[in-house]
Every structure is written in C-alpha cells, then in structure tokens.
1. Given a 10 angstrom Cα cut-off, can you work out which residue in R157, R125, R303 is the most mobile in a GNM of the chain?
2. Taking the Cα centre of the chain as origin, work out the dipole magnitude from +1 charges on Lys and Arg Cβ and -1 charges on Asp and Glu Cβ, in debye rounded to 20.
3. Among all helices in the chain defined by DSSP H, which have a length of 20 Å or more along the axis from Cα atoms plus a Kyte-Doolittle mean of at least 0.0?
4. Setting aside same-chain residues fewer than 8 positions from K61, which lysines have a Cα under 26 Å from its Cα?
5. Hey, rough spin-label estimate for D218 and S389, points 7 angstrom out along Cα→Cβ, what's it come to in nanometres?
6. Run the numbers for W79 and L243: contour at 0.36 nm per residue of separation, minus the present Cα-Cα distance, in nm.
7. May I ask you to derive the FRET efficiency for S371 and V20 from their Cβ-Cβ distance with R0 = 51 Å, giving the value to the nearest 0.05?
8. Could you work out the local net charge near T437, counting Lys and Arg as +1, Asp and Glu as -1, over the other residues with Cβ closer than 12 Å to its Cβ?
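Just so it is clear, none of the values below were taken in a lab; they were calculated from the coordinates. Values in this document were obtained by computation on a predicted structure and should not be read as measured data. Neighbour counts run over all protein chains shown; Cβ positions are idealised from the backbone, glycine included.
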Amino acid sequence: MDRSLAPSVTLPSKRRDAAVFADRKDAGRRLAQLLDRFRDDHPVVLGLPRGGVPVAFEVAKSLDAPLDVLVVSKLGVPWQPELGMGAIGEGGVRVFNALVIAAEGLTGAEVETVTAREEGEVARRVERYRGSMQREAVAGRAVILIDDGLATGFTARAAIEVLRRERARRIVLAVPVAPAETIAEMAKVADDLVCLETPEDFHAVGQFYRDFAQVTDDGVVALLLQYQSHRGINSVTIPIGQLRLDGNLTVPHDAAGMVIFAHGSGSSRLSPRNIGVARSLNNAGLGTLLFDLLTESESSDRRNVFDIDVLTQRLVGVTRWVQDRPECKGMALGYFGASTGAAAALAAAALLPDTVSAVVSRGGRPDLAGSQLPSVRAPTLLIVGGNDSVVLALNRTAQEKLRCENRLAIVPNATHLFEEAGALEAVAHLACDWFTTHLALTASVGHR
C-alpha cells in the first residue's frame, strides 16, 4: 500500500445506540455525503454483491461515477456456514482466517472442498452479472469499494486483494456500519476507510436496517442496467464487414457532439487513461465511443497494431456506424487518438473532411499518417509529454506537414503514458477545451 497517498479513516465515535438505516438506499445516500470529497479523484465505484450493490448504486449516482460489481464469496465452516473461515474473489484470490480454521479443526481437504464449491459460485455470478463483458478497468485509478456492512471483513479483504493485483491506484473502503475492531483491522489494508456507524452492540449487519430484504441476482443485474441507462452508457457491438467490434457508447442528454476514440499499441476500450479522458468529455456534455479497433486475436500480433491502413478503414467504418445511430444523428464528430491510433485518426479525418470536425492526439504517432497529413482539414491538437523526447520530436515533424489549424501542447514533466500526478488531468482539460470549442462551432454553423 502506498501510504504517500495520505490514507485516512472517517468514522463516528463508538456508540451503543447506532442509528438505524431505513434501507440500503438510505444508507447509500448517507454514505455518499461523506464520499463526496473523492469526486475529483474520478473514482470507479464497485459494489460487493449482492447487498453492497444497492448502496453502491446511490454512491455512484451521487458522484456521477462508473458503477460495477466485484464478485467475492465468504467461505463458511462446513458444519456452521455462518462462521467464516475466509473468502475468495475474482481471479483466484483466496484469503483465509487461520484462527478459525485451527479452532474448528478443519483439514486441508475440508477447506479445499468448500473453496472449490464457492469458486464455482463466483464464476456463476460473474457470468450472470456481466456475461462476456469485462469489469470496469481499475489499473491506475481510484476505487471506492462498497458493502452494506462488515462483520469480520474477510470478503472485503478478498476484494481489496483483487484490486491490489489489478494495480488500483487508491482503494477507498466505504460501509454504512461495522464493529470498531473490524474497522481497525481493515484500516491496515485499505488506503482510505469511511464508515457511518461503529456500534458497540454489534451482532449482525441486518440489525441496523429496518428493511434488510435479500437482494437477488436479478436485482443486481437490474440495478446495473438501470445505472447504465441513467448515465446514457450502452454496450454496443459494431459490425464492420464480417467482424464484430465491442464498444461502449455514452450519449449524455443534449450532447453537443460525439468523440470517437482510436486507441493504439494493443490497448482497448478498457484503457484506464482513455476512460478517464472520456469521463471528462462526458462531464463537459460530449458523447463518447470507446471501442476495440482490433479483435482480441488480432491485437496479439504487433504487426496489426502498426497497420495504419487497416486501422484507418476500421475507424472510417465505425464513423459511418455512429452517423447512422438515431441518438447521434446530426452530431458534430471528433476523433481522440492515442499512440498508433492517432495516425489512424488523422488518416481517417483526411478521408472524411466533411465529417470530422476536430482531432486530438495523446502521446500519438501522427508521423505514421505520412502522406495523409497535408490533407487533414479538421483542427488538430497534438498533446505530448515534456519528457517523452522521442515522440515529441516525431510530433514536431508531423506538425510541419499539417495544413489545417493545429497546435502542439506539451504537458511539462510528463512521460509517454502520462502517469505522473496531474498529467492525465491536464490531457483531459486540453481535450475538453479543444473539442467543446471546435465541435460547438461546427454545430452552430450547421444550424444556421
């Protein structure tokens, strides 16, 4: 855990008469008030199913943050299932309570039998909740992990271990209620911890809710779909010839334009950097499409990543698909390209001069667009890290060939992936200004 991130624990003083929550919705709304200070960290909100998801729903809605589930399961002692001997999580994570295992005299075979059964249950729930979709990417991002309460905290421990393995930048554990001793232990493994109530007379989480009705798998799925609809996010499949490309289309209410992302270097629609920029654009009232330029099998061959002609034709096809979507009709369109995707974005913009109104390149390789550069008419912003010397030189060379309105923006002290503090935020700010200016201008000209 990186303690340079200023960890903190937020909780009330210990009390005997802990407040009773009306239901999980009430708990989530009250928890959201304490979590508002993390809004500027652009967190991902993950609920622990099933009971944590309704709480997380309210928090995510309040923070306007992505919502997903992280599947974990308690390991109960065979003859006393309510007594936890550990927990497991997605990706094969296992966390055991050695004291309980020893006290109950459990053999290795008995522990393994329970663990194998629950791993099957975890796999079933992952399939039920997400199907073939991937969970919201967390690498390099802040995560708020939510349950409806903690008893021993072992399921939360398993979830935190999953997030550590996936390289989450900061993990905030937030719950409405838990015993003080559990909070003290969890504070050792989370970066930040927020809890509304730590009652002395704690027997079970349910005693602090007037309505603690069981949440079903169908209920979890319904909440996830409801939240996607609330944020205007749709998981889409884009047909390009015989191929089917997966994407995430977000169209805010009264969107002023649409930005299509073109990733590169083997990245995908799940790139945390592109997701972070897309969220900023959404907050600025712009629609976004994050999609996979290459199929999974294609992206494993590095030659495909540098086949600019193929990437360009894919992007042109996706652009035509966006234009035909009812919710995107008449919108001004822009491209946000990264790495080799930036070359595809510029080449496609040259081929679609009356369609593409603005281009932004982040740490891109515009030089790979070659002879297409002088034909680009869309105003183009090239963003490069100040310490990314090789790519900076390539961008300067490419800029000399552009004949359209253009600008080279250098983010001081940033390297190629913009991983430094504040660097990606600077990219998002520059992109928002460029797109809102040029897409709004196109829209106003188009409606004269």
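1. Per the Cα network of the chain with a 10 Å cutoff, R303 tops the list.
2. Values: 48 positive and 53 negative charges, 230 e Å.
So the magnitude is around 1100 debye.
3. On the way: long enough: 108-130 (32 Å, -1.08); 217-231 (22 Å, -0.17); 308-324 (24 Å, 0.19); 423-446 (34 Å, 0.92).
Helices meeting the span and hydropathy rule in the chain are 308-324, 423-446.
4. Output for K61: K25.
5. For the pair D218/S389, the computed spacing is 6.4 nm.
6. Working: separation 164, 0.36 × 164 = 59.04 nm, distance 5.15 nm.
Result: 53.9 nm gained on full extension.
7. Details: r = 70 Å, r/R0 = 1.37.
After rounding to 0.05, the efficiency reads 0.15.
8. Values: positive: R407; negative: E405, D433.
Local charge sum for T437: -1.
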